[in-house]
Amino acid sequence: MILYPAIDLKDGQAVRLLRGDMDKATVFNDDPAAQARAFVEAGCEWLHLVDLNGAFEGTPVNAAPVEAILAACPVPAQLGGGIRDMATIETWLDKGLARVILGTVAVENPDLVRQAARAFPGHVAVGIDARGGKVATRGWAEETEVEVTDLARSFEDAGVAAIIYTDINRDGAMQGPNIAATAALAQAVSIPVIASGGVSSLDDLIALRDCGAALDGAISGRALYDGALDLAQALATLKA
């Protein structure tokens, strides 16, 4: 199971939100590229990047810090937030991004997801963010009636590289991930599932690894910044 350190970008800084609330942002680093380098030096094999402003505005906003991270770090990175058309997908992949994450458009324009996955095999993931089992879009600001499992299953034949599942109520709350819902989703689809939201300790990672579903990875942010989770120790444990 791959551990993805998260760098959430707001106004050019590395921040963490509480349950997706842009008004509850804690700044952890004014230099996101330096933060990314620190994660890489600790041994991470992937980076998870989110353009928070972009998610709300529907177009890339924090392009400069993302490009700085890509230039500074030799490991692959995935990015979500504000990627809602083929031109933006192509631009990011051309800049060296390993994987784009399509969230809002997975609900609003699923044909784009299918088109992108066919055009760029292995480089397109679907981000499914949920409250109470229902998908939320546009930076988690808009609720839908779409069920998580229904949306995930709709992409079974699309060729997407992964599904990144976030339980919004757990995100940034340091209360542990929603293991039951994550495991249920992973068991319901053949697409690799990456867990996100609430991973706040080594015990959380071990519980996800041993949940009975073959999860592809887990994303952690605040716990790494707060020191509740030691990245090097976590990576070593997952490889043991």
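Among the candidates A6, A63, which residue alone is touching a residue at least 40 places away in the same chain (Cβ under 8 Å) and of a type in the set (A, V, I, L, M)? Answer to the selection: A6. Of the residues making up region 1-14, those that are open to solvent by less than 20 Å² (accessible area, probe 1.4 Å), under 19 Å from L229 (Cα atoms) and under 14 Å from the mean Cα position of the chain (by Cα) number 6. Within region 72-85, the only residue that satisfies the criterion of being β-branched (V, I, T) and surrounded by fewer than 19 Cβ atoms within 10 Å (Cβ to Cβ) is V75. Checked against the criterion of being of a type in the set (D, E) and free of Cβ contacts under 8 Å to residues at least 12 places away in the same chain, region 109-121 has at least one qualifying residue.
Hey, any hits in region 172-179 for a residue that's assigned to a helix (DSSP H, G or I) and farther than 20 Å from A36 by Cα? Looking for residues that are assigned to a helix (DSSP H, G or I) and farther than 20 Å from A36 by Cα, one finds at least one in region 172-179, hence yes. For region 86-100, filtered to residues that are out of contact with any strand residue (DSSP E or B) (no Cβ under 9 Å at 6 or more places or on another chain) and in a helix (DSSP H, G or I), the residue that is most open to solvent (accessible area, probe 1.4 Å) is D94.
When the residues of region 15-38 are narrowed to those that are open to solvent by less than 20 Å² (accessible area, probe 1.4 Å) and out of contact with any Cys (no Cβ under 8 Å at 6 or more places or on another chain), which ends up modelled with the highest pLDDT?
Step one: filter region 15-38 for residues open to solvent by less than 20 Å² (accessible area, probe 1.4 Å), giving 15-17, 20, 32-33, 36.
After this cut, where a residue has to be out of contact with any Cys (no Cβ under 8 Å at 6 or more places or on another chain) as well, the list is 15-17, 20, 32.
Details: V15: 95, R16: 87, L17: 85, G20: 78, P32: 98.
Here the answer is P32.
For region 210-232, the set of residues classified as of a type outside the set (A, V, I, L, M, F, W, C) and buried (at least 16 other Cβ atoms within 10 Å of the Cβ) consists of D216, G217, S220, G221, R222, Y225, listed by residue number. Of all residues in region 40-59, one or more are open to solvent by 30 Å² or more (accessible area, probe 1.4 Å), free of Cβ contacts under 8 Å to residues at least 60 places away in the same chain, among the acidic types (D, E) and under 17 Å from L102 (Cβ atoms).
In the condition set (1) without any contact (Cβ under 8 Å) to a residue 60 or more places away in the chain; (2) open to solvent by less than 30 Å² (accessible area, probe 1.4 Å); (3) out of contact with any strand residue (DSSP E or B) (no Cβ under 6 Å at 6 or more places or on another chain), G197 is compliant with all but (3).
Of the residues making up region 180-220, those that are out of contact with any Leu (no Cβ under 9 Å at 6 or more places or on another chain), within 18 Å of A162 (Cβ to Cβ) and among the small types (G, A, S) number 7. Scanning region 180-192 for residues that are under 15 Å from V135 (Cβ atoms) and either touching an Asp or Glu at 6+ places or on another chain (Cβ under 7 Å) or part of a loop (DSSP other than H, G, I, E, B) (or both), we see that the one that is most open to solvent (accessible area, probe 1.4 Å) is A181.
Within the span defined as region 8-31, every residue fails to be closer than 23 Å to A125 by Cα and in a helix (DSSP H, G or I).
The values are calculated or read from the model by the stated rules, or taken from the named source; none is laboratory data. Note that this is a predicted model, so its numbers are computed, not measured. We place every Cβ from the backbone using ideal geometry, glycine too, and count neighbours over all the protein chains shown. In case anyone asks, the SASA skips ligands and DNA or RNA and just uses the protein heavy atoms, side chains included. Shrake-Rupley method; radii C 1.70, N 1.55, O 1.52, S 1.80 Å.
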